[in-house]
Amino acid sequence: MRDRVYFYLYLCLIILFTLIHNIYFLAISLVIIFILSRSDFRYLIKKSLFSVLFFSLIVSLSYLLMGLFKEIDYSFLALFNLRVFLLTYISFWVLENINIFKVLPKNVAALVALSFSQIYQFRNSFLDFWMGVSSRWSRFGYIKWIKSLKAMSFYFLNKTLHNGQEISMGMKSRGFFDD
Amino acid sequence: MHIPDGFISPITYIPAYAASAGLWYIASKKVEIDSQNISFLATLSALSFVFMMIAIPLPGGTSAHLSGISLLALIFGPWLSFVAASLVLVVEALIFGEGGITTLGINILAIAFIGSFSSYYVYKVLKKRNETLAIFLAGWVGVNLSAIFIAFILGIQPIIASIEGKPLFFPFDIKTTTLAIMIPHMLIGLVEGAVTVILYRFLKKNFKVMFDER
Amino acid sequence: MIEVKNIFFEYEDFRGRKKELLKDISFSVERGERVVLLGVNGSGKSTLLKILDALLFPKKGTYIFNGVEIKRKNFKKIAKSFRKEVAFLMQDPNTLLFNSTVKEEIEFGLREFGFDNVEDRAIEIAKRFGLEKYLDTPPYYLSGGEKQRVALAAILAIEPKLLLMDEPTSNLDPPTTGWLIDLLNDMEVTTIISTHNLSLAYEFGERALVLSKSHELIFDGELDRFLSDKQLLMKARLLHKHKHKHNGMEHSHYHLHDWKI
């Protein structure tokens, strides 16, 4: 219940933050959220900055560049960057502190949870795969790379079909399906 | 190529959410999400994720990511590919914290829906003429149509969401976004097309069982 | 041959939260030694082996191989000589196989590192590893145990000086495990082999490095001494405790079930 309340509150807030275009409102909201998230503050601020840095810089610098040719509104930069940062920060904070699977409907939650666990497993295998092949290379080469890509796609397609069946049997044995 | 939060106005992202929810509803009927398919969809989304993780090393130490959607759509058909890829986007947004929450609907439309369906139909229409070309163009078109859609969505922001000529969200017009986004994607699309040809051919030859079923 | 000094390694989980996986690890290994790397799952064994194979680079500390410091920055320059000297059998053999036939798989390393008589050599190696009949088979069609053999044949073909193995018996049935142990005993190569199977530890070497659950090196010395020290075994969590009955009396005490002397 708690997770659901927080999640809907969060949804309302992010919509509100995109509806109100007052810099002071957004700035005050950010400060309030900083205070509320106090124990995670340092971690979240680093993570959010790192996450928004690339695109925010591109947009801001291009906008300034545009200012050389026509009249621009400098307060836009504050509004835009503040909003992007605020939305990113609150999303990291809320989504890491609620159990998202309690919020989603049962079937969707099961699907997302299973997908997540498979994605996580595949991701680790993927990283291992490239480490393994590159441990046999003297240096990078495109022919080797394409060969490895083929082997990798075969391996993961096989894993997809195989794991799918295994999980389905596991779920059956736990009585997930009605039939 | 996910659009982050804060770039898009509610007047755009809310209808996009509605549209992707509608597509999900149709997809759930088409691929019977309620049945035992659920475990297969999960592993398929993991496969889609792995395809998206493939990075092409470029000279100079940089790299470009493939989308892998075309390959997925050609092997499994557009609906399965759409569902798998959008599951990846959902997991990335909700759990990994990558890609925006408000923009999730737009990202699903651009990457999962447009990517899957355009690739699939390009292949279907052209395969009788020349299969290799059909696969290549499926890869190229899939990437580029997704990019055009994103360029369009970003580019209309200053028109539909500004006050007295001052932008509120993404500030550049369609001409700028199209140029900035399309030129690199036309090039990346070439690699995507080539990789799609190589991998599709290879898997078709070595995974006969799967391709015979369809 | 190897000198590891005060290595730290951090890992970022899927949310970007940092977790320490190796804490202040120091040890050195001389040419010809056979080292067993022990520790429970998640203690950092695989990570340490990946660092020793220059697939990952430590966050702090130094790793020196044959007198050369291995760093991310300079690695490109020394990659060829390093990869020729060090072979790594990863836990999942699938990660090492990418050629279209077993023969090409074995030939790959030979060509990559400039051997002569590549084809003859490859066939000879295939015979030694019992792979003659698979020469033209794609590696990905083979079973797990067979893949393991192909991977080993392929990485040992280039006659490396240091062989790293990550849980090499986890995919093998008992006969193949026996075959692997014989193979290793016949070879003159420095080995560092990770396992959490204490009954096999003796077969893999005489010296033990032990990582604790908290990612620290808690023992470096003779394997015998480690395996006879109950305090250390408990500290490494390589003992287990469970309930059972003796003459109708239920009680529980520590066990080393997979350890047969």
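Some values worked out for this structure:
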| quantity | calculated |
| --- | --- |
| Those residues of region B:152-161 which are surrounded by fewer than 23 Cβ atoms within 10 Å (Cβ to Cβ) and within 14 Å of chain A (Cβ to nearest Cβ), in sequence order | B:Gly155, B:Pro158, B:Ile160, B:Ala161 |
| Region B:174-214, subset in contact with a strand residue (DSSP E or B) (Cβ under 9 Å, 6 or more places away or on another chain) and among the aliphatic types (A, V, I, L, M), residue nearest to the other protein chains (Cβ to nearest Cβ) | B:Val195 |
| Any hit, region C:125-136, residues being open to solvent by 30 Å² or more (accessible area, probe 1.4 Å), touching a residue at least 24 places away in the same chain (Cβ under 8 Å) and within 14 Å of chain A (Cβ to nearest Cβ) | no |
| Options B:Ser67, B:Ser39, B:Ser28, B:Ser20: the member that is in a helix (DSSP H, G or I) and within 24 Å of B:Tyr200 (Cα to Cα) | B:Ser39 |
| Failed criterion for A:Trp93 (all others in (1) farther than 25 Å from B:Thr177 by Cα; (2) at the interface with chain B (Cβ under 9 Å from one of its Cβ atoms); (3) open to solvent by 50 Å² or more (accessible area, probe 1.4 Å) hold) | (2) |
| Which listed residue is touching a Lys or Arg at 6+ places or on another chain (Cβ under 7 Å) and open to solvent by 40 Å² or more (accessible area, probe 1.4 Å), from C:Glu216, C:Glu203 | C:Glu216 |
| The lone exception for A:Leu87 - which of (1) touching an Asp or Glu at 6+ places or on another chain (Cβ under 8 Å); (2) away from chain C (no Cβ under 11 Å); (3) modelled with pLDDT under 90 it fails | (3) |
| Scope region B:162-190; condition open to solvent by less than 30 Å² (accessible area, probe 1.4 Å) and either charged (D, E, K, R) or not in a helix (DSSP H, G or I) (or both); matching residues | B:Pro167, B:Leu168, B:Phe169, B:Phe170, B:Pro171, B:Phe172 |
| Residue in region A:40-47 that is touching a residue at least 60 places away in the same chain (Cβ under 8 Å) and surrounded by 14 or more Cβ atoms within 10 Å (Cβ to Cβ) present | no |
| Index of the failed condition, C:Lys147 passing every other in (1) within 12 Å of chain A (Cβ to nearest Cβ); (2) farther than 27 Å from B:Phe207 by Cβ; (3) of a type in the set (Lys, Arg) | (2) |
| Breaking point among (1) loosely packed, with under 14 Cβ neighbours inside 10 Å; (2) in a helix (DSSP H, G or I), for A:Leu68 | (2) |
| All positions within region C:139-172 that are charged (D, E, K, R) and either part of a helix (DSSP H, G or I) or in contact with a helix residue (DSSP H, G or I) (Cβ under 6 Å, 6 or more places away or on another chain) (or both) | C:Glu146, C:Lys147, C:Arg149, C:Lys161, C:Asp166 |
| Test for A:Asp73: is it among the acidic types (Asp, Glu) and more than 11 Å from chain B (Cβ to nearest Cβ) | no |
| Residue count for region A:149-179, restricted to those that are of a type in the set (D, E, K, R), surrounded by fewer than 17 Cβ atoms within 10 Å (Cβ to Cβ) and in a helix (DSSP H, G or I) | 2 |
| Filter result (touching a Pro at 6+ places or on another chain (Cβ under 8 Å) and not in a helix (DSSP H, G or I)) within region C:173-194 | C:Val189, C:Ile193 |
| Positions within region A:1-35 being surrounded by 11 or more Cβ atoms within 10 Å (Cβ to Cβ) and over 20 Å from B:Gly6 (Cβ atoms), in sequence order | A:Asp3, A:Arg4, A:Val5, A:Tyr6, A:Tyr8 |
| Given (1) modelled with pLDDT of 90 or more; (2) of a type outside the set (Asp, Glu); (3) in contact with a Phe, Trp or Tyr (Cβ under 9 Å, 6 or more places away or on another chain), index of the condition A:Ile143 fails | (3) |
| Extreme residue, farthest from B:Ala180 (Cα to Cα), among residues of region B:1-53 that are polar (S, T, N, Q) and open to solvent by less than 30 Å² (accessible area, probe 1.4 Å) | B:Ser39 |
| Residue in region C:99-114 that is more than 20 Å from A:Leu149 (Cα to Cα), surrounded by 23 or more Cβ atoms within 10 Å (Cβ to Cβ), in contact with a Leu (Cβ under 6 Å, 6 or more places away or on another chain) and modelled with pLDDT of 90 or more present | no |
| Sole residue being of a type outside the set (Lys, Arg), within 27 Å of B:Phe82 (Cα to Cα) and part of a helix (DSSP H, G or I), chosen from B:Ile148, B:Ile159 | B:Ile148 |
| Where a residue in region C:80-93 is within 18 Å of C:Val29 (Cβ to Cβ) and at the interface with chain A (Cβ under 7 Å from one of its Cβ atoms) and its partner, wherever it lies, is modelled with pLDDT of 95 or more and assigned to a helix (DSSP H, G or I), with Cβ under 7 Å and at least six apart | C:Phe88/C:Leu49 |
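Conditions tested, residue by residue: (1) open to solvent by 30 Å² or more (accessible area, probe 1.4 Å); (2) over 12 Å from B:Ile198 (Cβ atoms); (3) in contact (Cβ under 8 Å) with a residue 60 or more places away in the chain.
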position: A:Phe116; (1), (2), (3): yes, yes, no
position: A:Arg123; (1), (2), (3): yes, yes, no
position: A:Val133; (1), (2), (3): no, yes, no
position: A:Gly141; (1), (2), (3): no, yes, no
position: A:Lys147; (1), (2), (3): yes, no, no
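The values are calculated or read from the model by the stated rules, or taken from the named source; none is laboratory data. Because the structure is a prediction, the values reported are computed rather than measured. Counting neighbours? That spans all protein chains shown, and the Cβs are built from the backbone with ideal geometry, glycine included. To get the accessible areas, we keep the full protein, side chains included, count just its heavy atoms, and leave off ligands, DNA and RNA. Shrake-Rupley method; radii C 1.70, N 1.55, O 1.52, S 1.80 Å.
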